[in-house]
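Novice: I'd like to ask some things about the structure below.
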């Protein structure tokens, strides 16, 4: 009985998908550019962009650059305004990074919470989700201690 219900639901979802119109963007993309030419402080061989803050002033990356806590760490790049260049990456430190691999960061829309995966607490070969609160300290957000 459960299987039959699941098949009916799957069929309805499929039929609704066929009946809907394709989404159309109200813009066109520009020409592709080399990431290194736009953000020269990151190395595309050893780093990847995870996410941006909603105001576009912080970029979170994962990197195996020297100066980290472990193998792959989370770093943040900041800039004063959208038109400014990115500053050098800052390691998020031991409040976030473990001695192993950390990555797949996502910052909340209000900029107060960072979610990410860490292999430090690996359980059954899965990377559990970690969450850290960002504490406001002066003009910069700093990561707080411990999970929420």
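Novice: Of the residues that make up the range 103-111, is at least one over 30 Å from residue 38 (Cα atoms) and at pLDDT 60 or above?
Specialist: No, the range 103-111 contains no residue that is over 30 Å from residue 38 (Cα atoms) and at pLDDT 60 or above.
Novice: Shifting gears a bit: So residue 42 clears everything in (1) outside any loop (DSSP other than H, G, I, E, B); (2) touching a residue at least 24 places away in the same chain (Cβ under 8 Å) except one condition, right? Which one?
Specialist: So residue 42 meets the others, but not (1).
Novice: Take residue 104 and decide whether it is on the phi > 0 side of the Ramachandran plot and either part of a strand (DSSP E or B) or in contact (Cβ under 8 Å) with a residue 12 or more places away in the chain (or both). Lay out the reasoning, then the answer.
Specialist: Details: on the phi > 0 side of the Ramachandran plot: yes; either part of a strand (DSSP E or B) or in contact (Cβ under 8 Å) with a residue 12 or more places away in the chain (or both): yes.
Considered against the rule, which asks whether it is on the phi > 0 side of the Ramachandran plot and either part of a strand (DSSP E or B) or in contact (Cβ under 8 Å) with a residue 12 or more places away in the chain (or both), residue 104 comes out as yes.
Novice: Looking only at the range 66-92, which residues are surrounded by fewer than 16 Cβ atoms within 10 Å (Cβ to Cβ) and within 18 Å of residue 42 (Cα to Cα)?
Specialist: Hits for the range 66-92 are 66, 67, 71, 79, 80, 82, 83, 84, 85, 87, 88, 90.
Novice: If a residue has to be closer than 13 Å to residue 58 by Cβ and touching a strand residue (DSSP E or B) at 6+ places or on another chain (Cβ under 7 Å) to count, how many in the range 81-112 make the cut?
Specialist: 10
Novice: Whether any residue in the range 46-60 is under 17 Å from residue 119 (Cβ atoms), touching a strand residue (DSSP E or B) at 6+ places or on another chain (Cβ under 7 Å), at pLDDT 85 or above and in a loop (DSSP other than H, G, I, E, B) is what I want to check.
Specialist: Looking only at the range 46-60, we keep the residues that are under 17 Å from residue 119 (Cβ atoms), and these are 48, 50.
Still in the list and also touching a strand residue (DSSP E or B) at 6+ places or on another chain (Cβ under 7 Å): 48, 50.
Then drop every residue that is not at pLDDT 85 or above, which leaves 48, 50.
Within this subset, residues satisfying the condition of being in a loop (DSSP other than H, G, I, E, B) are none.
Taking every residue of the range 46-60 in turn, none turns out to be under 17 Å from residue 119 (Cβ atoms), touching a strand residue (DSSP E or B) at 6+ places or on another chain (Cβ under 7 Å), at pLDDT 85 or above and in a loop (DSSP other than H, G, I, E, B).
The values are calculated or read from the model by the stated rules, or taken from the named source; none is laboratory data. From a predicted model like this one, the values you see are computed outputs, not experimental measurements. All Cβ positions, even for glycine, are placed from backbone atoms using ideal geometry, and neighbour counts span all protein chains on display.
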